[in-house]
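Let me begin by presenting the structure, written as C-alpha cells, before commenting on it.
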Amino acid sequence: MPDTVLIARPALASAATGHFGAPGTGVTLAALPEDRLWQALARPGTDPAPMLAYGAGRCPLRSIGPGQWLIVGVGTGTLAEAQAALAPTFALSDQTHGRMRVSLSGPRAADLLAKGTAVNLALLPEGGAAQTLFGHIGITLARTGPEAFELAVLRGFALSLWDELILLGREYGIEARA
Amino acid sequence: MASLIPCPHCGPRPKEEFTVRGAALPRPAPNAPVAEWQAHVYLRENPRGDYAEHWHHSGGCRRWLVVNRNTATHAVHSVTDAAGERP
Ligand SMILES: [Zn+2]
C-alpha cells in the first residue's frame, strides 16, 4: 500500500472569484496570505504587551478570551525565538496552517457582517477584535479600518464562509479575489 | 429564553453562541449518601422564576459562566465567570 502523500494546497484555491450581484462594489472580499498566525495562552489578566512585536499590521494581537490571543502578521523573530523569549509567562503554538484569514472591506462591509454576527460593530474600535459566530461558523473578527475587517476562520470552514459572504454580499455588489 | 446574554468577557451576545449545561447547584460532599447524589445528578426543580445555570460561551471566549436569569420574564440578573465561584 502506498504511503499517503500530503500536498500543501491553499484552502481557498478553488474559491469562486469575480464580481457578484448588484452593479458596483459595495464590498470587497479577499484571501490574505497564510504567513503567520500563532495562538498564545497565559494566566487570565496577564498584560499581552510583550507579544506585540511578533505580529504586524493594524491588529497584530487579537484577544479571543481571558488569557487567550491570536498573534497575526509577520513581525520580529521566529516562533522558536518568541517561545524562548516569552516563556514561561506565555505558551505559543503555530496555527498558521489551521486558520485562514480573509479581508472584507468597503462601504457596505459592516452591513454584510451584521447579517451574520450579533457583535455590535459600532462599538468595535479599529485594532479591536472579537471571537464570535458568523451564522454557524466560528470566526475571530478584527477591525482593521473604518470600513475594513478581517475574519480568521478554521481552515476547513474557509470555503463555506467564503461562499456565504458572497451570497450575503450580492445585494451590495461584491468583488471576490482569492 | 433570554436571547441576549451579557458575557463578562465579550459583552452582549446572542444565546446561539452559548451551550447550556443546566442548573448551577452546590456539589454534595464526596461521602454524602447515595440518595443525596442521586438527587444532585438527576432531580431538577424546573422553577418558574429565578434560576442559576452554567452556560458555556462556546462561540466566544469559551469560558464557563454562571447565568442568573428569570425563566418567566426572560430577565438576566447577572452573568459571572464560573471560576470566580470556586471556594
Ligand atoms: Zn464570552
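The values are calculated or read from the model by the stated rules, or taken from the named source; none is laboratory data. Predicted model only: the values in this text are computed from it and were never measured. Positions of Cβ are backbone-derived with ideal geometry, glycine not excepted, and every protein chain shown enters the neighbour counts.
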Can you tell me which residues in region A:48-69 are more than 13 Å from the chain's Cα centre (by Cα), outside any helix (DSSP H, G or I) and under 14 Å from residue A:90 (Cα atoms)? A:48, A:66, A:67, A:68
State the number of residues belonging to region B:1-38 that are at negative phi and touching an Asp or Glu at 6+ places or on another chain (Cβ under 9 Å). 12
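Residues checked against (1) on the phi < 0 side of the Ramachandran plot; (2) surrounded by fewer than 15 Cβ atoms within 10 Å (Cβ to Cβ); (3) within 14 Å of the chain's Cα centre (by Cα):
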residue	(1), (2), (3)
B:48	yes, yes, no
B:55	yes, no, yes
B:60	yes, no, no
B:67	yes, no, yes
B:73	yes, yes, no
B:76	yes, no, yes
B:79	yes, no, yes
B:84	yes, yes, yes
Can you confirm whether region A:43-58 contains a residue that is within 16 Å of the ligand (Cβ to nearest atom), under 19 Å from residue A:127 (Cβ atoms) and outside the structural domain of residue A:151 (by TED's automatic domain parsing)? no
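Scan region B:44-67 for residues that are away from the ligand (no atom under 16 Å from the Cβ) and touching an Asp or Glu at 6+ places or on another chain (Cβ under 9 Å) and jot them down.
Step one: list which residues in region B:44-67 are away from the ligand (no atom under 16 Å from the Cβ), which gives B:44-52.
Once the filter is applied, which keeps residues that are away from the ligand (no atom under 16 Å from the Cβ) and touching an Asp or Glu at 6+ places or on another chain (Cβ under 9 Å), region B:44-67 yields only B:51.
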Could you name every one of the strands (runs of 3 or more DSSP E) located completely within region A:81-178 that has at least 1 residues being without any contact (Cβ under 8 Å) to a residue 60 or more places away in the chain and polar (S, T, N, Q)? A:91-94, A:129-134
Please verify whether region A:124-136 includes one or more residues that are more than 14 Å from chain B (Cβ to nearest Cβ) and closer than 19 Å to residue A:65 by Cβ. yes
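Checking the structure you have, find out if any residue of region A:72-83 is more than 20 Å from residue A:150 (Cα to Cα) and either within 16 Å of the ligand (Cβ to nearest atom) or within 14 Å of another protein chain (Cβ to nearest Cβ) (or both).
Start the filter on region A:72-83 by keeping residues that are more than 20 Å from residue A:150 (Cα to Cα), which leaves A:76-83.
With the extra rule that they be either within 16 Å of the ligand (Cβ to nearest atom) or within 14 Å of another protein chain (Cβ to nearest Cβ) (or both), the set shrinks to none.
Looking for residues that are more than 20 Å from residue A:150 (Cα to Cα) and either within 16 Å of the ligand (Cβ to nearest atom) or within 14 Å of another protein chain (Cβ to nearest Cβ) (or both), one finds none in region A:72-83, hence no.
Against the definition (of a type outside the set (Phe, Trp, Tyr) and over 18 Å from residue A:129 (Cβ atoms)), how does residue A:109 come out, yes or no?
no
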Answer yes if at least one residue in region A:23-41 is closer than 15 Å to residue A:177 by Cβ, assigned by TED's automatic domain parsing to the domain that holds residue A:150 and in contact with an Asp or Glu (Cβ under 6 Å, 6 or more places away or on another chain), and no otherwise. yes
If I ask for residues that are away from the ligand (no atom under 16 Å from the Cβ) and without any contact (Cβ under 8 Å) to a residue 12 or more places away in the chain, which ones from region B:1-36 would you list? B:26, B:29, B:30, B:31, B:32, B:33, B:34, B:35, B:36
